[in-house]
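The values are calculated or read from the model by the stated rules, or taken from the named source; none is laboratory data. Being a predicted model, the structure only gives us computed values, none of them experimental. Backbone-built Cβ (ideal geometry, glycine too); neighbour counts: all protein chains shown. Keep in mind that these areas ignore ligands, DNA and RNA; they rest on the heavy atoms of the full protein, side chains included. Shrake-Rupley method; radii C 1.70, N 1.55, O 1.52, S 1.80 Å.
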Amino acid sequence: MEKYVFSASPHIKSPRTTKRIMIDVCIAMLPACIMGCVLFGWQAIVVLAVATLTAVLSEIVYRLCDGVKFDRILKEFDFTSVVTGMLVGMNMPAGIPVYIPVFASIFAIVVVKMLFGGTGKNLVNPAIAGRVFAFMSFAKAMTTYPSAIIGSLSGGSITDAAGTVVTGATPLSALLGGNTSTLTNLDLFLGTGVGGVIGETCKAAIILGGIYLVIRKVLNFRWPIVYVAVTGLVTVALNGFDFAVFLPSILSGGLILGAVFMATDFVTTPDTKLGNYIYFVVLGALTAVLRHFTSGEVVSFAILFMNLVVPIIDKYVYPRPFGYVKKQKEVK
Amino acid sequence: MKIREIALDGVVRQNPTLKLVLGTCPTLAVTTVAFDSFGMGLAVTFVLICSNIIISLLRNVIPDKVRIPAFIMIIATFVTIVEMVIKKFVPDLYSSLGNFLALIVVNCIILGRAEGFASQNPVGYSALDGLFMGLGFTLALTTMGIFREVLAKGSIFGVTLWDANVFSISFFGTSAGAFLTYGLFIAVFNVAYNAVDRKSRHKLAARLANEEVA
């Protein structure tokens with residue numbers, strides 16, 4: 001009788017825990033963070049560190065207030081708040097007052113994540129909500145971008161209508177706002193001479209992180225590509241099928257950062273494959289259309305909006321139940 | 001004794017804004033600055049007292065089937081009076097409150113108290129109920145107004161505390177901020193209320209147990 005062990009399911013445990021996945025995401029974000037620090041200097045390190053520390057601390061303090069013992073908090077610490085904090089930091093321009101990442105992280109963790117029930121229960125991506133909160137509250141500081149330390153490889157620059165060089169303008173503003181940009185696509189790809197928030201300018205580093213996540217099977221390569229491609233194509237369509245804007249439009253602004261790290265959050269994407277297609281295609285179209293008509297950076301707003309639509313998608317698009325056969329239509 | 005109950009009900013136990021969650025529309029809309037919230041609170045308090053008195057006086061006259069239209073008529077009368085008075089004497093407040101002043105007519109608190117209290121209780125108590133309910137409303141609105149004004153504008157009742165260009169969280173001045181503020185206030189109020197309530201119940205239980213032993 002000793003041959004069999006009786007126990008309740010689950011019988012097999014996967015080593016893939018939330019903690020490991022989140023550590024993977026942290027590792028994947030490191031290249032972009034490092035490139036941000038290289039391009040924007042020590043101020044970027046300060047912003048990233050403050051945002052991350054605040055996020056972790058506010059989660060611990062919240063749980064302590066909730067009456068959870070400290071050693072249990074340490075045991076259950078799953079690095080999601082580190083990811084959120086890093087993303088909040090990556091979404092801030094270097095050199096902004098330090099209190100802004102503090103408030104954004106507190107808002108992201110306490111209001112958006114913990115009040116809704118903690119990891120996995122949040123309705124929208126905490127980092128996105130933190131960024132939007134900061135954007136709405138401190139609009140001026142959040143849109144004052146320092147220019148990168150390393151200048152453009154091609155000697156290109158962004159000039160306004162009068163021909164003077166605009167420092168700290170983002171290539172997206174050039175694309176949308178009437179400034180002219182002589183930055184090449186390579187500049188945009190490497191982030192040299194490009195103004196923007198810490199994590200978004202060096203696309204190469206973000207894509208490197210994305211590839212790591214794909215290899216670690218944390219990220220499905222399909223979704224970022226669908227999102228970015230749809231945004232680019234809709235932008236092309238809106239500009240009268242001018243394919244010259246395709247690459248600049250997808251390499252400008254926070255699109256790639258959003259596509260790799262923020263739109264693809266497990267918690268705030270639909271459960272099914274079809275649902276995900278709907279989600280990312282609509283998201284891409286929304287981003288392109290809003291960019292075109294508001295002339296501003298809208299990736300975070302588009303993702304925030306689509307996060308709220310996810311429950312509706314999940315309600316109507318659900319997997320076929322096991323063993324369920326679709327009823328044949330009666331032949332008349 | 002009953003007066004104390006009415007006062008406690010109005011300001012704390014059944015606080016219209018934080019406990020009953022009635023009259024949310026003006027709460028969300030006018031609390032951007034403390035002065036507007038205070039003005040709105042006083043206007044509602046006045047309407048509440050007057051309508052409670054009249055409805056209580058007429059409670060045996062108004063036929064049951066048409067009581068709601070009758071209540072609305074009485075309330076609308078006082079709202080019109082308040083609107084005219086504010087327009088004449090405090091034009092600034094009138095212009096910043098705008099339509100929300102006229103919308104006091106459909107404020108749930110007033111109809112709720114008319115239906116739930118004034119139409120069943122004598123005049124004196126009804127007037128007191130109106131007063132304390134109004135005070136509870138005013139208190140809640142004004143604290144929310146102060147909170148939002150300090151954070152979003154760096155001032156309190158229009159007195160500048162610090163330069164808003166240097167530090168301000170303008171999120172709290174927006175309607176999304178109104179919802180967040182409202183939620184936070186309800187949460188904090190209920191946590192405090194439940195803590196006090198539990199303590200007083202323990203005390204009561206201990207006293208009853210003692211009496212039993214004796």
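About its Cα centre, chain A has a charge dipole of approximately 1300 debye under the convention of +1 per Lys or Arg Cβ and -1 per Asp or Glu Cβ, with nothing else charged.
Projected over all directions and averaged, the alpha-carbon convex hull of the range A:221-314 occupies 5.5 nm².
FRET efficiency for the pair residue B:66 and residue B:211, taken as 1/(1 + (r/R0)^6) with r the Cβ-Cβ distance and R0 = 45 Å, rounds to 0.35. Kirkwood radius and radius of gyration were both taken over the C-alpha atoms of the protein assembly as shown, and their ratio Rg/Rh is 1.07.
Positive-end ranking of A:15, A:45, A:27 along the dipole of the range A:1-127, with charges on Cβ about the Cα centre, is headed by A:15. Other protein chain C-beta atoms within 10 Å of residue C-beta, averaged over B:165-173: 4.
In vacuum, with every alpha carbon of the range A:18-142 counted as one equal point scatterer, what does the Debye formula give for log10 I(q)/I(0) at q = 0.13, 0.20, 0.23 Å⁻¹? Two decimals, please. The calculated log intensity ratios at q = 0.13, 0.20, 0.23 Å⁻¹ are -0.48, -1.09, -1.34. Quick check: from the Cα gyration tensor, does the range B:2-213 come out rounded (a/c under 1.5), prolate or oblate? Verdict is oblate for the range B:2-213.
If R0 equals 25 Å, the separation of the Cβ atoms of residue A:65 and residue A:98 corresponds to a calculated FRET efficiency of about 0.55. Dividing the Cα radius of gyration of the range A:282-331 by 2.2 N^0.38 Å, with N the residue count, gives 1.82. For the pair the range A:264-309 and the range B:118-156, the centres of their Cα atoms are 42 angstrom apart.
Model label points for residue A:204 and residue B:108, set 7 angstrom from Cα along the Cα-to-Cβ axis, are 5.9 nm apart.
Neighbours of residue B:100, meaning other residues whose beta-carbon lies under 13 angstrom from its beta-carbon, give a summed charge of -2 when Lys and Arg score +1 and Asp and Glu score -1. On the beta carbon distance between residue B:73 and residue A:294, with R0 = 45 Å, the FRET formula returns roughly 0.45. The distance from the alpha carbon centre of the range B:25-59 to that of the range B:65-84 is 13 Å, rounded to a whole number. Among the listed pairs A:113/B:19; A:13/A:217; A:140/B:153; A:113/B:199; A:69/B:199, a Cα-Cα separation exceeding 22 Å is found for A:113/B:19; A:113/B:199; A:69/B:199. Across peptide A:98-110, the mean count of Cβ atoms from other chains lying within 10 Å of each residue's own Cβ comes to 1.
Placing a label point 7 Å from the Cα of residue B:174 along the Cα-to-Cβ direction, the residues of the range A:192-225 whose backbone N falls under 19 Å from that point are A:197. Close amide H partners of residue B:155, meaning residues 5 or more places away or on another chain with modelled amide H under 5 Å apart, are B:150, B:161. Neighbours of residue A:279, meaning other residues whose beta-carbon lies under 11 angstrom from its beta-carbon, give a summed charge of -1 when Lys and Arg score +1 and Asp and Glu score -1. Springs between alpha-carbon pairs under 10 angstrom, Gaussian network model over chain A: which of A:49, A:28, A:94 fluctuates most? The residue with the greatest mean-square fluctuation here is A:49. Helix A:80-90 and the longest principal axis of the Cα set of chain A meet at an angle near 10°. Among the protein heavy atoms, those of residue A:77 account for about 40 Å² of accessible surface (1.4 Å probe, every chain in place).
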